[in-house]
Amino acid sequence: MSAWTDIILVSLILTTFWLLGSSRLASCIRICAIQGVATGLLGVVGGGITIRVAAISLAIIVLKGLTFPWLLSRALRESNTSHEVQPFVGYVASLLIGVLVLAFSFWADSRLPSLAHGASRLVVPVAFALLIAGLFLIVARKTAVNQVIGYLVMENGIYTFGFGVVREIPALVELGVLMDVFVAVFVMGIAIYRINRTFDHIDSDQLTLLKG
Amino acid sequence: MLTAGWMLPALVAAPAVLAGLSLLARTPRAALWVGAVATTVIALVAGCAVAQVFMHGPLECVGGWFFLDALSAYHLAILMLVFVFCGFFAIVYFREEIANGVFTRKLARRYQALWFGSFAAMNLVLVSNNLGVMWVGVEATTLLSAFLICIHVSPAALEAMWKYLLMCSVGVALAFAGILLLAAASSASLSGHDALLWTRLMNPSVTLNPVLVKVAFIFLVVGFGTKAGLAPLHSWLPDAHSQSPAPVSAMFSGFLLNTALYCILRCLPIVEAATGNRGWGREILVVLGILSILVAAVFIVAQHDVKRLLAYHSVEHLGIIALGVGLGGLGVWAALFHTLNHSVCKATSFFGAGMLGQTYGTHDMRRMTDVARVSPVWGTSLIGSLLALIGIAPFALFISEFLILKAALNEKAYLAAALFLTGLGIVFIGALGHAISMAWKPPATAPRPLRTHHAEALLAWTPLALLLLLGLWIPAPLRALITQAAAVLGVTP
Amino acid sequence: MSLWNFSYAVLGLLLAPLLPGITNRTKAVFAGRQGPPLLQAYWDLAKLLRKGTVYSRTTSWVFRLAPPGGLACVVAALWLVPVGNFAAPLAFPGDLILLAYLLGLMRFMTVCAALDTGSSFEGMGASREVQFSALAEPALILGLAALAYATGSFSLSGIFGGVTRPDWLQVGPALVLVAAALLIVFLAENCRIPVDDPNTHLELTMIHEVMILDYGGPDLAFILYGATLKLWLLGALLANIFLPLTGFAGPAQIACLVAGMVVVAVLTGVIESVMARLSLLKVPQLLVGAAALSVLGFVLMLRFAP
């Protein structure tokens, strides 16, 4: 079963690379959905399926694969953009930074004591890489929708980390976390809608009224 | 036979239910009044819980999911105090807006529902034993309070809300990674549900991997530090606190920041135990505290907006608390005392700033002058609280800051003490300059004097009187409660 | 050192011009056309060899050196590639670097010749070619390094003899990534869609075509033949990873080799028919993406290969 976990983890990295190099917002949202579904499948292919695990995986797949893209697409449709405005860090540089981040995560994992409980050896580096890549996306991209996608990538990384390291998070905590992420994306979607209504753009680089 | 533990879930459930009920309010005034009164009732229940913990030791409920010990009881008491004050102040503050029709019924319902939601979430943070649930509460406070910032939609408010939402969500997500690492660090001894329970993690028989705990603590400090407004992660703070209406700002500065710092304090004993009590974790807090104080000091000097000034004061005081906790020993006791003082004082100052802002129509300090004459009640309250904030004796803040300085000298942390004094000095000069110009500079155009009700004077001056009292005499029960809370953090006086 | 060791080079010299024919026929099938005959490249080479040459007065010996020099490089590289378990005639540890640099030398000579013509048209093509190959080279080297790590050998003969079916099961995901990266490098180095369209002659879109615009007669024949040999070469790298068919006896191994090359040619034809050419600004992103895939494959190999 470890082979399937590896495949999913590799696909998580590939989707992250894809996100780092992609400029069209609609395709970014779709890639994020694929990543979310892959994250949900992690729990199922890890072996030892119980009702609880299956239910939570289903919830994650539905939320991240369907609901979040729908919310983000709606926010995107209301605004006038379809392309990322010129980001702070170019796409080629973003890809190279993604590679560096990956190398750094593998190095960091080799320095930490072994964490994974019989899950794949890739879990911790992939989780770190997703976390840092998500942070990078939030900082390096200007469009508000892309920043929300960066946040979702971070959440995927943290969930992967939790999956690999703490196998039995209580169901209530997992559901609470899921609910928090859902409400976060929902709130951010509404915020983007409001921002677009007031400012007529969703370019957070232009939000510079408050200084000092 | 109900044990006292039932109060803990009730503290979370009651505000949540009230949040739902607020959506059915008839008029804005009714919503605000019900809010204030209900908050007082919940505060009384919480007071009973605090007294119970003080006299008989920690409370537990629902198989260890809920837990209240001296540290969280103390913070709970401060939370209730701040919320009661803010609840009643909201009635005063929105009075004029209701009269103008700006604060509509829809806005009032939304405001009150989000208010109670934030209240419930903060209670959840304080009463939960499970670190994961604590995290859920912190993230919930971010999400629920985000729209409180832009209750009145304006470009600046939206910008502030977006920065707040994104930065705090990202920070809190990093904190979750830290919590997972903590649970992983205990994987040798604990498993599953137990790995996230604070009481289990504090058990001396549990072995924790030191490397993992250190990495976890770094994530936790960065993550929760963002939410608490510690420099250099504080850039959302001035915007969010200055753009929101005054009761919300008071609540933010009064307790929301302390909620995040409380989470760091919760995890500190675990880290200390795992790293051999050498003070590794506390050093990080000292560095961040000093950095916050110095950064805030620089910005305070250059401020023009009174609410941004108060927001930077929050950064400074949170830094002082972090510094105190980091120094250990007497510093912990002083830092906890400072938490109470700062919360009360900051809330009062935001009250004054809010009311005067409504009168003058602006928050620019260069135009808000001669406040004592324009509004004897709120003007003197604002000036008084500003003076208290910069540490003028005999207000209680002076005592707590003095004790932290003493702790620094006790621990032979001379560099920290010197930097602390420098920061305090810069803040003193800068803020005093602002306060003096606001109090006595003759105004360019004299605004109409603010008519105030007698009850408002009570609201404006009671907290200041409390601070004056605490500065001169700390009642023995309070002293004992703070000592108990400090003991949780591993300090024996 | 039996006959089978030489089979790769000999078959390459004989059969390489068949590959463009197969690709073109595949594209014609997709387009519903009849398409040129499979042996068209041979007829073109024969026609060109019979012609005379005209050299511009602005060119120098560099211009005349490039076609035979490039052909010599790629023919030399042919002797480094193995067939299944049969080692190449000139195999030695580290020959994969020699292979990459022989191809680089060929490219260098072509680029110098293009600059030698003194025309800005060729210069533009030369600069694009150099930029893209600079971005593609890390992908190639890292992909080969990943394979070298997986099989523990630094010689191509050891690598392609060593990538067997059990390896696929163990390091499958990593091999897929390396294969994908090498596919993109293959398409880039051979000027195929989505990097470059071999049929276009528009100024804005040419990369490789424009560098050889001034050649005619036998020079052009050498260049075209060299290009087909390059296809054969890189195609073999690709086929050996995708289809790890090793361990057969002599004739069967040859049949596998030819079958692999035909598959690669058809695959190229399919890709060319299905995709459109990428805008020039996006090509660096694609190539850096290929490098990222190589790095990922390399890192995974570090983790999993014993």
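So the values come out like this:
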item: Answer residue from the stretch B:103-117, given it is of a type in the set (K, R) and farther than 19 Å from B:F252 by Cα and is surrounded by the fewest Cβ atoms within 10 Å (Cβ to Cβ) among those; result: B:K106
item: Hey, B:A250 part of a helix (DSSP H, G or I) and farther than 30 Å from B:R95 by Cα or not; result: no
item: Answer residue from the stretch B:359-395, given it is out of contact with any Pro (no Cβ under 7 Å at 6 or more places or on another chain), among the small types (G, A, S) and more than 16 Å from B:H313 (Cβ to Cβ) and is modelled with the highest pLDDT among those; result: B:G379
item: Qualifying position, being at pLDDT below 80, more than 23 Å from A:L95 (Cβ to Cβ), within 11 Å of chain B (Cβ to nearest Cβ) and outside any helix (DSSP H, G or I), among A:E174, A:E168; result: A:E168
item: Any pair with Cβ under 6 angstrom, 6 or more apart, that starts in the stretch C:114-136 at a residue that is in contact (Cβ under 8 Å) with a residue 60 or more places away in the chain and ends at one that is hydroxyl-bearing (S, T, Y); result: C:T117/C:T59; C:G118/C:T58
item: Looking only at the stretch B:291-307, and only at residues there that are buried (at least 24 other Cβ atoms within 10 Å of the Cβ) and of a type outside the set (G, A, S), the one that is nearest to B:E272 (Cα to Cα); result: B:I293
item: Unique residue being under 15 Å from B:V133 (Cα atoms), within 12 Å of chain A (Cβ to nearest Cβ) and surrounded by 21 or more Cβ atoms within 10 Å (Cβ to Cβ) when the list is B:L181, B:L197; result: B:L197
item: The lone exception for B:L196 - which of (1) modelled with pLDDT of 75 or more; (2) farther than 23 Å from B:V488 by Cα it fails; result: (2)
item: Residue satisfying condition, being touching a strand residue (DSSP E or B) at 6+ places or on another chain (Cβ under 8 Å) and either buried (at least 18 other Cβ atoms within 10 Å of the Cβ) or not β-branched (V, I, T) (or both), within set C:I241, C:I254; result: C:I254
item: Yes/no for C:F304 being at pLDDT below 90 and within 14 Å of chain A (Cβ to nearest Cβ); result: yes
item: Residue match in the stretch B:435-454 (condition: modelled with pLDDT of 85 or more and within 20 Å of B:I320 (Cβ to Cβ)); result: yes
item: Residues satisfying the stated conditions in the stretch B:216-239, i.e. farther than 15 Å from B:P269 by Cα, assigned to a helix (DSSP H, G or I) and within 13 Å of another protein chain (Cβ to nearest Cβ); result: B:F219, B:V222, B:G223, B:T226, B:W236, B:L237, B:P238, B:D239
item: Matching entry among B:S169, B:S154, B:S187, B:S145 (being at the interface with chain A (Cβ under 10 Å from one of its Cβ atoms) and surrounded by 21 or more Cβ atoms within 10 Å (Cβ to Cβ)); result: B:S169
item: Qualifying residue in the stretch A:43-60 (condition: within 13 Å of the chain's Cα centre (by Cα), away from chain C (no Cβ under 14 Å) and either closer than 29 Å to C:L300 by Cβ or in a helix (DSSP H, G or I) (or both)); result: yes
item: Residue match in the stretch C:132-142 (condition: surrounded by fewer than 22 Cβ atoms within 10 Å (Cβ to Cβ), modelled with pLDDT under 90 and outside any helix (DSSP H, G or I)); result: no
item: Cβ pairs under 6 Å, 6+ apart, first in the stretch C:266-289 and more than 26 Å from C:I141 (Cβ to Cβ), second loosely packed, with under 15 Cβ neighbours inside 10 Å; result: C:S273/C:F30
item: Any hit, the stretch B:193-202, residues being farther than 30 Å from A:L210 by Cβ, free of Cβ contacts under 8 Å to residues at least 24 places away in the same chain and of a type in the set (S, T, Y); result: no
item: Any hit, the stretch B:210-225, residues being under 14 Å from the mean Cα position of the chain (by Cα) and under 14 Å from B:C168 (Cα atoms); result: yes
item: Failed criterion for C:A88 (all others in (1) part of a helix (DSSP H, G or I); (2) more than 16 Å from the chain's Cα centre (by Cα) hold); result: (1)
item: Subset of the stretch A:185-212 [at the interface with chain B (Cβ under 7 Å from one of its Cβ atoms), within 21 Å of the chain's Cα centre (by Cα) and hydrophobic (A, V, I, L, M, F, W, C)]; result: A:V187, A:M188, A:A191
item: Residue satisfying all of: in the stretch C:101-120; small (G, A, S) and buried (at least 16 other Cβ atoms within 10 Å of the Cβ); farthest from C:L65 (Cα to Cα) among these; result: C:S119
item: Tally, over the stretch B:61-83, of residues that are buried (at least 18 other Cβ atoms within 10 Å of the Cβ) and farther than 19 Å from B:L265 by Cα; result: 5
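Yes/no per residue for (1) without any contact (Cβ under 8 Å) to a residue 60 or more places away in the chain; (2) of a type outside the set (D, E, K, R); (3) surrounded by 24 or more Cβ atoms within 10 Å (Cβ to Cβ):
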| site | (1), (2), (3) |
| --- | --- |
| B:R29 | no, no, no |
| B:A36 | yes, yes, no |
| B:C48 | yes, yes, no |
| B:M55 | yes, yes, no |
| B:I91 | no, yes, no |
| B:E96 | no, no, no |
| B:G101 | yes, yes, no |
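Every residue, every condition in (1) outside any helix (DSSP H, G or I); (2) over 18 Å from C:V185 (Cα atoms); (3) over 20 Å from the mean Cα position of the chain (by Cα), yes or no:
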{"site": "C:V258", "(1), (2), (3)": "no, yes, no"}
{"site": "C:M261", "(1), (2), (3)": "no, no, no"}
{"site": "C:A265", "(1), (2), (3)": "no, no, no"}
{"site": "C:V270", "(1), (2), (3)": "no, no, no"}
{"site": "C:R277", "(1), (2), (3)": "yes, no, no"}
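The values are calculated or read from the model by the stated rules, or taken from the named source; none is laboratory data. What you see is a predicted model; the values in this text were computed from it and never measured. Cβ sites come from the backbone with ideal geometry, for glycine too, and all protein chains shown count toward neighbours.
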